[in-house]
Amino acid sequence: MGVCWSNKIKSVSLSNTGFNSRSASRDGSGVKASSSSMPTTPRSEGEILQSCNLNSISFSELKNATRNFRPDSVLGDGGFGSVFKGWIDENTLIATKAGTGMVIAVKRLNQEGFQGHKEWLTEINYLGQLQHPNLVKLIGYCLEDEHRLLVYEFMPKGSMENHLFRRGTYVQPLSWTLRMKIALDAAKGLAFLHNAEQQVIHRDFKSGNILLDSNYNAKLSDFGLARDGPTGDKSHVSTRVIGTQGYAAPEYLATGHLTAKSDIYSFGVVFLEMLSGRRAIDKNRPSGEHNLVEWARPYLTNKRRVLRVIDPRLEGQYSLSHTQKAANLALLCLSSDPKFRPDMNEVVTILEQLQDTTKDMLKGTQNEHRVTSHGQSIAAPKSRRSSTDEASKRVTVNYPRPSSNPLFA
Ligand SMILES: Nc1ncnc2c1ncn2[C@@H]1O[C@H](COP(=O)(O)OP(=O)(O)OP(=O)(O)O)[C@@H](O)[C@H]1O
Ligand SMILES: [Mg+2]
């Protein structure tokens with residue numbers, strides 16, 4: 001969830017979180033996902049809580065479930081507060097002994113934090129209705145006196161941010177294949193939001209808000225800053241600028257005009273983080289490298305120098321053409337002019353094609369050579385390179401014509 005410009009930018013107005021009926025919708029991958037049809041347009045707290053299909057869970061139950069919010073139950077901390085691991089009975093939602101029943105993640109609002117009741121309610125507003133394999137499941141909430149808590153399905157592998165940036169001998173870096181899978185999952189989650197009958201703009205899409213289950217299936221979290229997209233003939237929603245520094249689109253920062261293309265820009269930043277293993281903003285790097293997008297942009301436009309951007313820990317796992325395609329996708333999403341950014345369905349299609357060609361390369365069925373960061377080629381095993389032509393036909397990616405994009409001019 002979002003905070004202010006130290007590394008976050010925020011303020012939210014729930015009165016603007018116009019909330020209309022959201023019926024079943026399709027994401028870019030064709031997965032049918034559901035959100036309950038809302039007969040009314042709830043706006044007040046009472047209406048939202050009544051219509052959200054979530055369980056209200058008492059504070060004492062959550063206290064027991066997390067063993068009195070024990071410090072060693074903490075899964076992480078964010079702008080909203082701390083997140084605790086807990087256990088409840090799946091059917092009765094009553095606290096169970098640690099290690100038995102269903103594992104949950106309990107997010108507890110920190111009264112002194114940047115975020116508050118509005119973000120708590122906005123999260124319930126959206127996640128109470130939207131359901132998709134690539135959105136984290138909100139199980140319930142607690143509203144009691146000053147207490148505001150949210151109860152989620154537990155995501156055993158935590159956030160992608162932790163996997164990408166936590167260094168240590170015991171931390172295995174995510175492989176190229178896993179990174180591409182996570183990017184695709186996250187893109188499907190965003191596509192679902194953008195394609196919903198009433199479009200939803202996430203507004204705080206970042207690596208910390210991509211959670212991973214035990215099989216590295218990725219799900220989007222933190223809808224506290226989300227907004228309904230423009231309706232009718234409106235081109236944008238006017239808002240105060242909020243989100244996280246380093247991820248927000250330039251036109252949104254400059255004008256407060258919010259469109260789904262703002263999420264696409266944020267996706268481009270996250271995708272670049274995944275390719276490079278570098279944070280969107282990293283003040284610990286040498287000057288000139290603090291801002292990932294500014295640093296990487298010149299390399300991304302160059303066919304060979306693009307390898308300079310790729311995370312050295314991925315050495316030998318990708319081909320030159322993969323990196324070029326991935327770099328092109330990042331560049332398109334990061335286009336300064338939002339109209340040159342692809343929509344989320346196009347992003348999903350491109351990532352699906354990239355995933356197919358990666359599988360082919362690993363199987364050795366494609367005329368692709370893995371390369372090192374110096375551009376040296378590592379050949380695929382000869383004996384298995386049989387259906388080269390078939391495979392290469394499949395990899396045609398329909399990017400917008402280079403001439404129509406200033407980045408290629
Ligand atoms: N459902 C969950 N299952 C497992 N771990 C979770 C879950 N939700 C959050 N976490 C852990 O808690 C950490 C903090 O999450 P939180 O959403 O509060 O903050 P954030 O997204 O990291 O930061 P910010 O609030 O600044 O956006 C996450 O990085 C993750 O490691
Ligand atoms: Mg989060």
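Computed from the coordinates by the stated procedures, all read-outs in this text should not be read as laboratory data. Since this is a predicted model, take the numbers as computed values, not measurements. Using ideal geometry, Cβ is built from the backbone for each residue, glycine included, and neighbour counts are taken over all protein chains shown.
Spin-label model, E315/N302: points 7 Å from Cα along the beta carbon direction are separated by 2.1 nm.
Summarising the label geometry, the points placed 7 Å from Cα in the beta-carbon direction at E289 and D233 lie 5.2 nm from one another. Is the shape of region 216-314 rounded, prolate or oblate, going by the alpha carbon gyration tensor and its root eigenvalues a ≥ b ≥ c, with a/c under 1.5 for rounded and a/b larger than b/c for prolate? Since a/c reaches 1.5 and a/b is larger than b/c, the shape of region 216-314 is classed as prolate. Taking other residues whose beta carbon is less than 13 angstrom from the beta carbon of L334, and scoring Lys, Arg as +1 and Asp, Glu as -1, yields -2. Ordering D89, D263 from the fewest to the most neighbouring beta carbons within 10 Å gives D89, D263. Electrostatic bookkeeping for L127 treats Lys and Arg as +1 and Asp and Glu as -1; over the other residues with beta carbon under 10 Å from its beta carbon, the sum is -1. Summing +1 for each Lys or Arg and -1 for each Asp or Glu among the other residues whose beta-carbon sits under 14 angstrom from that of V74 gives +3. Sparse packing (at most 14 other Cβ atoms within 10 Å of the Cβ) combined with a DSSP loop state is found for the following GluC sites (Glu not before Pro) in region 149-228: E197. The protection proxy used here, the mean number of other Cβ atoms lying within 10 Å of each residue, ranks peptides 275-281, 99-105 as follows, highest first: 275-281, 99-105. Among the trypsin sites (Lys or Arg not before Pro) found in region 44-139, those both in a DSSP coil and sparsely packed, with 12 or fewer other Cβ atoms within 10 Å of their Cβ, are K97.
Can you bin region 158-394 into rounded, prolate or oblate? Criterion: square roots of the alpha carbon gyration tensor eigenvalues sorted a ≥ b ≥ c, rounded for a/c under 1.5, prolate for a/b above b/c, oblate for the rest.
Prolate.
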